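Q: Can you keep this structure in mind? I'll have questions shortly.
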Amino acid sequence: MIPVADRIGGFTYAIRNIVVEAKRVEASGRKVRYLNIGDPIPFGFQTPPHMIEAVIRALRDGHNGYAPSVGIAPAREAVAAECTQRGMPISPDRVVITSGTSEGIELALTAMAQSGDDVLVPTPTYPLYTAVLAKIGARAVFYRTDPQNGWQPDVDHIRSLLTPATRALVVIDPNNPTGATYPADTRKALLEMADTHNIPLLADEVYADLAFDGPVPAFAAQNLSAPVITFSSLSKAYLAPGWRSGWMAVGGDGRLDEVFAAIKKLADGRLCSTGPMEHAIVAALNGDRSHQAAFRDALRERAILSHARLNAIDGITSVMPSAAFYAMPRVTLPPGVTDADYVLALLRATGVLCVYGSGFGTDPADGFFRVVFLASPAELSQIYDLIVEFTRDFLARDGR
Ligand SMILES: Cc1ncc(COP(=O)(O)O)c(C=O)c1O
């Protein structure tokens, strides 16, 4: 057998890994409802036509060669204008167009952290962070976000984790998997920490337009000298996740210049992001965004339904999300039973596929699991009927 690199052992991505089991359940003849991945397209939400037109036009106009490694100028300009309008003034030359938020995150972490370094990551977290850190040999150090406090980050806990080995602080706001948005004073405290301790703050803002009350300001807006790198993409708020088209912008007062040079060096090595899709960034950011208001309303309706139905189940509590399409309920499990036991049994018994909280870094015994609530309200109601019945039986089993 040809050996595999050790680093692969630490590289897990539960959101996709769990699909293997779902396919087995499907092969046995049961319909599976895929609530594991945050992709609005299979649930009937549609990419805005003017973005599709922009890609088709780019293909027809012959934009099929390599783009510059930092991205085409009009896309960088559109991103800079977007950041500036949201309160993070930035020039186009501080922007890199990437293959989704994911590539931006990987470029930034690779440029900053090396073997043995620490990166502060929320728990629960979006699992790409821990996966990339495993790949580059750096250590994810988890800071608490608190379900008793609307899943807000524990700022004092973060402060207590800072050491000379800390290379970056990851903040996901609005958050996946919790659906939380962070208030201005929390943001300000985190920015101040980054500023005074000289720790780059990686602001994952991929859901910024999907807060139910409307777009949230740029994370960096309250402290423009703090070393902040912001990330976003067309995947969520522009309904084009398969296009792998996103961006990053490097802010602050110049402290990140060398990091930015390193990011551009790494970007040269992968040549460019997908060229025709870069034209869609221009169309998306400069064009009609009316789809977003309708999308936010649809998400709010589903969040309210999910919150009511989940909290009505004996043994389950769930915090009301304020953005995106995720809820992170908690089921009170008997001793010795894990979140994965519950989620896999739910899948096998009902075909409903969620992701166990430990896939996002929570303790398996804590019983968290993530629900993607993009399905129609009618389908969600059926799904919650299945979860109600299953949970009652699961918790009653063996005299639990
Ligand atoms: C918090 C967060 N960051 C990044 C990503 C990846 O997004 P992209 O498709 O832009 O790479 C996701 C996707 O679910 C996400 O939830």
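A short reminder: the numbers here are calculations on the coordinates, not readings from a lab. All of these numbers come straight from a predicted model, not from anything done at the bench. Ideal geometry is used to build each Cβ from the backbone, glycine not excepted, and the neighbour counts take in all protein chains shown.
Q: Among DSSP bridges having both ends in the chain, what percentage is antiparallel? Round to the nearest 5.
A: Working: 19 of 38 bridges.
Counting DSSP beta bridges with both partners in the chain, the antiparallel share is about 50 percent.
Q: For the stretch 111-202, how big is the tail of P(r) above 22 Å, as a whole percent of Cα pairs?
A: I get 22 percent for the Cα pairs in the stretch 111-202 exceeding 22 Å.
Q: Then there's this: Across the stretch 235-316, how large is the tail of the calculated P(r) beyond 20 Å, expressed as a percent of all Cα pairs? The partial results should precede the final answer.
A: Details: 1997 of 3321 pairs.
Pairs farther apart than 20 Å: 60 percent.
Q: Further question: Just name one of 219, 22, 319: the one whose Cα is farthest towards the positive end of the charge dipole of the chain (beta-carbon charges, Lys/Arg +1, Asp/Glu -1).
A: The residue sitting most towards the positive pole is 22.
Q: Relative to 2.2 N^0.38 Å, what does the C-alpha radius of gyration of the stretch 169-223 come to as a ratio? Two decimals please. Don't jump to the answer; show the numbers that get you there.
A: On the way: Rg = 10.9 Å, N = 55, 2.2 N^0.38 = 10.1 Å.
After normalising by residue count via 2.2 N^0.38 Å, the value is 1.08.
Q: Using +1 at the C-beta of Lys and Arg and -1 at the C-beta of Asp and Glu, which of 229, 72, 59 has the Cα lying farthest in the positive direction of the dipole of the stretch 49-286?
A: Positive-end residue among those listed: 59.
Q: What size of dipole, in debye to the nearest 20, comes out for the stretch 69-125 about its Cα centre when the only charges are +1 on Lys and Arg C-beta atoms and -1 on Asp and Glu C-beta atoms? Please report the intermediate quantities before stating the final value.
A: Details: 3 positive and 7 negative charges, 40 e Å.
The calculation lands at about 200 debye.
Q: Any idea how far the Cα center of the stretch 39-115 sits from the one of the stretch 216-248, in Å?
A: 10 Å
Q: Also: Using all C-alpha to C-alpha distances in the chain, build P(r) with 20 Å bins and read off the rounded percent in each one.
A: Spelled out per bin, shortest first, that is 27, 58, 15, 0.
Q: Counting Lys and Arg as +1 and Asp and Glu as -1, what is the net charge of the other residues whose Cβ lies under 11 Å from the Cβ of residue 223? Provide the component values of the computation, followed by the final result.
A: Working: positive: 187, 188; negative: 192, 195, 253.
Residues near residue 223 contribute -1 overall.
Q: First measure r as the distance between the Cβ atoms of residue 159 and residue 56, then evaluate 1/(1 + (r/R0)^6) with R0 = 51 Å and state the FRET efficiency to the nearest 0.05.
A: After rounding, the FRET efficiency stands at 0.50.
Q: Still on this model: May I ask for the Kirkwood hydrodynamic radius of the stretch 87-149, worked out over all distinct Cα pairs and given in angstroms to one decimal?
A: Numbers: mean 1/r = 0.0754 Å⁻¹.
Across the stretch 87-149, the inverse of the average 1/r is 13.3 Å.
Q: A follow-up question, please. Compute the Rg to Rh ratio over the stretch 80-119 from the alpha carbon atoms, using the Kirkwood formula for Rh, and round to two decimal places.
A: On the way: Rg = 13.0 Å, Rh = 11.9 Å.
Here Rg/Rh amounts to 1.10.
Q: Here's something else I'd like to know. Using the beta-carbon distance between residue 73 and residue 388 and R0 = 51 Å, what value does 1/(1 + (r/R0)^6) give for FRET efficiency, to the nearest 0.05? The partial results should precede the final answer.
A: Details: r = 54 Å, r/R0 = 1.06.
Once the sixth-power term is evaluated, E becomes 0.40.
Q: Just to confirm the number: angle between the C-alpha axis of helix 290-311 and the first principal axis of the chain, 0 to 90 degrees, nearest 10?
A: 30 degrees
Q: Sticking with this one: Add -39500 (n - 2.57) for each DSSP H run of 4 or more in the chain, then divide by its residues: what number comes out at 222 nm, to the nearest 500 deg cm²/dmol? Numbers along the way, then the final one.
A: Values: 13 runs with 160 residues, N = 400.
Result for the chain: -12500 deg cm²/dmol, rounded to the nearest 500.
Q: Grab the chain and count how many Lys pairs have their alpha-carbon atoms under 30 Å apart, sequence gap of 8 or more, or different chains.
A: The result is 11.
Q: Assign unit charges at the C-beta atoms only (+1 for Lys and Arg, -1 for Asp and Glu), then state the dipole size of the chain relative to its Cα centre in Debye, rounded to the nearest 20. It would help to have the intermediate numbers written out before the result.
A: Details: 36 positive and 42 negative charges, 155 e Å.
Dipole about the Cα centre, nearest 20: 740 debye.
Q: For the stretch 61-170, how big is Rg over Rh, using alpha carbon atoms and the Kirkwood form of Rh?
A: Numbers: Rg = 17.1 Å, Rh = 16.1 Å.
Expressed as Rg/Rh, it is 1.06.
Q: Considering only 110, 129, 12, whose Cα is most displaced toward the positive end of the charge dipole of the chain, charges sitting on Cβ of Lys, Arg (+1) and Asp, Glu (-1)?
A: Final value for the positive-end residue is 12.
Q: Roughly speaking, what is the centre-to-centre gap between the stretch 134-157 and the stretch 316-338 when only Cα atoms are used, to the nearest Å?
A: 17 Å
Q: So what is the diffusion coefficient of the stretch 49-286 in µm² per second by Stokes-Einstein at 10 °C and 1.306 mPa s, using a Kirkwood Rh over Cα pairs? If you can, show how the numbers build up before the last one.
A: On the way: Rh = 17.8 Å.
Rounded, D is 89 µm²/s.
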